[in-house]
Amino acid sequence: MSTLVGILLDVSASMREQAKGCFDEEGGEWARSVFKVIDGLIKHDVSSNNHVFAIGVGGCGDQTFDILKTIKQFQDRRQNEMYSQSYDEILEKIFTVLEKGGAFKIRKWVQPEVIKNAVTIEMADLMLHQLQTNAEFLEKFVHKCLPSACRHLTSQSAKESLIGWVFNGVCYVAQNICTYTATKIFTAAEEDVLEVEKRAKSCLLKPVQDVYSVHEASTIVHGYVDEKELTDERLDELMELVEPFIYGRTPLYSAIEEATTVFLKDQFSDHKKLLFVLSDGDPTDKGELEKASFGFKSLDVTIVTCFITRSNDVEPKRLFSEEHSLWEDGAKFLFRLSSILPTDRVYRSIFVKRGWNIDINNNETRLFIQVNHPDNIHDACDLAKTVVCSQDALSDLLVKVSLDRYINRNTKYLVARDQGDDATCYAFIAATVIHLSIHRIIGREGGWPDFNIILHNIIRCYGTKTASTLNVLKHVCPEYRLQCRKINIEEAMQAITEKRPVVATYRLTDDERQIFSDFFYYNKRGILSKEEINITKRSEKLTPADLSGHAVVLTSFNAECLRLMSSWGDEWADGGFFRVKNAEVLNMQFIDVFWESIDLTCSEEAYYKDHGKKIAQKLIERFIGLQKAEYECPLCKVTSLVTDFDGSLREAICPECNGKFSCGDVGNVLAMNIYLTGLAS
């Protein structure tokens, strides 16, 4: 399912105060962290169909504004395009443009030296550029930012101007006299110029109207395509772009209303929705929090809030279930705004393994955290992105456990078959998804054919040379009362959330295949991106014969990558699995193998209705209490919390003696915990 992420970032004057003192260790304001938040929530996103918008709370003029649009609007003015002329030259051009726009008396209202003392040359240059290129801004500047005394016509002199038009030159003189009398021009002081500057900057800020794909947003934030990290130099550039427009008041209710409007748009009705709020949490405008929270809940928006504080008495990696009476008002506001999350045993296991402390009163917790240092922002983004958005953590886990056990049992057999001239990846993958699909039919008539039997029948029919995985599945699936179809990446991810592994195929040149092999030899848990393999740069002379295909299984995904299983044994890459940034890297094609109710026999359908829910519930109940469950090491006989064990699904490592032993049955609480925390790592 596609995701729409809304980000509300406090850039008000109160946040500027929070930046002062001992917490400002990075050599820049906390405001720099807003860009890290945007980058953290969109970085390495696997789907180009996921979208994001970012609202700045606290722009000059006490307004909200579109952060991404503001960056995009101003970042094209590079350093080599600025300051090529003196301040006097810039001011002369500003006066000329304003006079042509209707501010005929601008030179009488303000002296150049006053402007120089109040406004930086950078801002003057920016204003000149906007006045020259943006007719709408020029109109607003003349009629909304400047005092009426700067314009030729005023409300006080409207009658005189009409007489001047009738009687031409004679009355024109009279009109000028009347105008001067009615709107006597006083020379502007620095504070008057600063007020005009504030109004002008407010006119340049736009409310959120555009929603960007995560890839577009990444390009805007990074300044160019495919840059992996947000550098300090780029952070400085971004701050230079937006700092003149921030540090106003904190209209959080207005921002919430604006975000609600975006979430209501029809094109996002089927998107999973997340709102991330970073603030010191004290609104300067008025609104109804209960009404706002209900609106988000009705739209199925998950809200993660992050409270910025200067207090040393906070736990950055803690989730609360109850409001504390000693909290600041801002913390209480953000706590009440955040979403309630049932303290499900899966969440607790993942969080605890990552070092989080979670309150579980009333069997629920709030998605609210407190941070007192910019370094903790990463934890907030991690909470919102990996746990709330990641299907790895949230989708049903029982089939995935079965998948891993299944793979571990069968890959060694196929490693031998892959040696030599055999090219049976198509057969292994087809047999894998067929075997898993039929195992999802509880009480299947005739039982469940053994994997090796399915594999042998496929190889017997199609041989040990390369074959089309799709064609094979089209012919073989009906034998097992299954169906298959080609799907896109969005449908593939949806299938994963519905507990179905998906076939993925791709084709590479010999050189690309070598790069692929080398990458995962040296980076077993690495994420392959187009920095390593860029198939868009292939030679135009390349023919289909120059490419060789490979079939794998898409088993899961998270916010950073796709996770896939190959057929080269569990000693290759990460236990037989590998990770790719997104489907575009290898131009992957996907095949869904599934069954529908019409494919079931009457007895299978009845069995599922009568016993399916009970069986599923019984399995789930076996994993309750992972946070407090204990396990005795069979080697040293010491009992430890299951969250302290490490290892893999097949083999655990004792925290006391470091000995390795088999996890045993997959229903084992220790094996389940290791599997879940392995996915979350």
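The values are calculated or read from the model by the stated rules, or taken from the named source; none is laboratory data. The structure displayed is predicted, hence computed values, not measured ones. When we count neighbours, we look across all protein chains shown, and the Cβ atoms used for this are built from the backbone with ideal geometry, even at glycine. Remember, those area values only see protein heavy atoms, side chains included, never the ligands or the DNA or RNA. Shrake-Rupley method; radii C 1.70, N 1.55, O 1.52, S 1.80 Å.
Numbers for the structure displayed
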{"item": "Selection count, segment 495-543, where residues are in a strand (DSSP E or B) and either open to solvent by less than 70 Å² (accessible area, probe 1.4 Å) or without any contact (Cβ under 8 Å) to a residue 12 or more places away in the chain (or both)", "result": "8"}
{"item": "In segment 288-313, the residues that are open to solvent by less than 100 Å² (accessible area, probe 1.4 Å) and under 21 Å from Trp327 (Cα atoms)", "result": "Leu289, Ser293, Ile303, Val304, Thr305, Cys306, Phe307, Ile308, Thr309, Ser311"}
{"item": "Which listed residue is open to solvent by 10 Å² or more (accessible area, probe 1.4 Å) and either over 28 Å from Val585 (Cα atoms) or among the hydrophobic types (A, V, I, L, M, F, W, C) (or both), from Asn471, Asn457", "result": "Asn457"}
{"item": "Qualifying residue in segment 74-90 (condition: basic (Lys, Arg) and either touching a Lys or Arg at 6+ places or on another chain (Cβ under 9 Å) or at pLDDT 90 or above (or both))", "result": "no"}
{"item": "Residue check for Asn587: on the phi > 0 side of the Ramachandran plot and either assigned by the TED database to the domain that holds Val472 or out of contact with any helix residue (DSSP H, G or I) (no Cβ under 9 Å at 6 or more places or on another chain) (or both)", "result": "yes"}
{"item": "Every residue from segment 319-339 that is open to solvent by 50 Å² or more (accessible area, probe 1.4 Å) and not in a loop (DSSP other than H, G, I, E, B)", "result": "Asp329, Arg336"}
{"item": "Residue that is nearest to Ile7 (Cα to Cα), among those in segment 225-278 that are among the small types (Gly, Ala, Ser) and open to solvent by 40 Å² or more (accessible area, probe 1.4 Å)", "result": "Ser254"}
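Yes or no, residue by residue, for (1) surrounded by fewer than 14 Cβ atoms within 10 Å (Cβ to Cβ); (2) at pLDDT below 90:
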{"site": "Pro112", "(1), (2)": "no, no"}
{"site": "Ile115", "(1), (2)": "no, no"}
{"site": "Ser155", "(1), (2)": "yes, yes"}
{"site": "Leu162", "(1), (2)": "yes, yes"}
{"site": "Phe167", "(1), (2)": "yes, yes"}
{"site": "Cys178", "(1), (2)": "no, yes"}
{"site": "Phe186", "(1), (2)": "yes, yes"}
